[in-house]
Amino acid sequence: MAMQNRIREWRERRGLTMHELGQRVGTEASQINKLEKGSRRLTAEWMGRLARALDCAPADLLVPDHLPTAGGELGETAGLPPLAPHPAAPLSPATLSPAPLPAPTQPTGFVAEPAHETATPPGATPRDLPVYGAAMGGDDGAFDFNGTVNEYVARPPILAGVANGYAVYVQGESMEPRYFAGELVHVNPNRPITPGCFVVVQIRTGDPHVPTRGLIKQFVRRTATRLHLRQFNPRGELEHELGQVLSIHRIVGASDYG
């Protein structure tokens, strides 16, 4: 039976992808995925390594009914402390930015809108970051990107003050081992697009029932007429006519602090 844990909750609170957390603890993203799902045993050693990387107590990684007792067995506890903000060390990526994409007209219904205003109890983390997109199927991991908000989630520190920031869930396996299906990625439309960065691209489909679709890919380059993207599984380069591209927004993570 898989043991429930809060690794994903803490990772997303720190604004990290599975790949970035794996780098911090010296493992692969696939192992982080297994630990989060409970398909790999969360030993005391793993708890210690993950807790140091996430700046929390080892016990914070477990749900109340799975905290270890003094004897080392799983037991019960009264509760867990609230998540605390994480002052991540600033990192400065290279900013070799290509020429900006043409300013397209956004389709009706999709605009990265300001965060939804909701009342938040004192001391609680506001859940005001919109999550867009719904699975469409297919090998390229495309998702319906029509501007419908599926839910609101807690805002990571890297998107603090970014009114048009948003998040999407990864669909499919086309970007493994960088991103896994079901992983939440955070997007800052204001960040410059640089070679090698990861992006959410909005594409016209020509289908009146699903007028736009989203893709999560790695930005390679753009020419006067085409946008070049890369996926990892199966590995290959994709091309799209610039006339079909409605928007291209940068995915942000721990490496983008600063």
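Mind checking which pairs have a first residue in region 207-223 that is in contact (Cβ under 8 Å) with a residue 60 or more places away in the chain and a second that is surrounded by 14 or more Cβ atoms within 10 Å (Cβ to Cβ) and of a type in the set (Asp, Glu), Cβ under 7 Å, 6 or more apart or different chains?
Partner pairs satisfying both residue conditions: Val210/Asp144; Arg213/Asp144; Leu215/Asp140.
Quick one: is Val245 at pLDDT 90 or above and touching a His at 6+ places or on another chain (Cβ under 9 Å)?
Here the answer is no, as Val245 does not meet what is asked.
For the structure I just gave you, tell me whether Pro177 is open to solvent by 50 Å² or more (accessible area, probe 1.4 Å), in a loop (DSSP other than H, G, I, E, B) and touching a Pro at 6+ places or on another chain (Cβ under 8 Å).
No, not satisfied.
Among (1) out of contact with any Lys or Arg (no Cβ under 9 Å at 6 or more places or on another chain); (2) buried (at least 20 other Cβ atoms within 10 Å of the Cβ), where does Met18 come up short?
(1)
Here are some residues: Leu227, Leu238. Which one is touching an Asp or Glu at 6+ places or on another chain (Cβ under 9 Å), in a strand (DSSP E or B), hydrophobic (A, V, I, L, M, F, W, C) and open to solvent by less than 30 Å² (accessible area, probe 1.4 Å)?
Answer to the selection: Leu227.
Would you be able to say whether some residue in region 126-138 is open to solvent by 10 Å² or more (accessible area, probe 1.4 Å), hydrophobic (A, V, I, L, M, F, W, C), under 23 Å from Glu241 (Cβ atoms) and modelled with pLDDT under 85?
Here is the first cut: in region 126-138, the residues open to solvent by 10 Å² or more (accessible area, probe 1.4 Å) are 126-128, 133-138.
Filter once more, keeping what is hydrophobic (A, V, I, L, M, F, W, C): 134-136.
Narrowing the set further to residues that are under 23 Å from Glu241 (Cβ atoms) leaves 136.
When the remaining residues are screened for being modelled with pLDDT under 85, the result is 136.
Yes, region 126-138 has at least one match.
Can you tell me which of Arg24, Arg6 is closer than 25 Å to Arg155 by Cα and open to solvent by 40 Å² or more (accessible area, probe 1.4 Å)?
Matching residue, one of Arg24, Arg6: Arg24.
The values are calculated or read from the model by the stated rules, or taken from the named source; none is laboratory data. These numbers were taken from a predicted model, which means no experiment stands behind them. No Cβ is skipped: glycine too gets one built from the backbone with ideal geometry, and neighbour counts run over all protein chains shown. We work out accessible area using only protein heavy atoms, side chains counted, and drop any ligands, DNA or RNA first. Shrake-Rupley method; radii C 1.70, N 1.55, O 1.52, S 1.80 Å.
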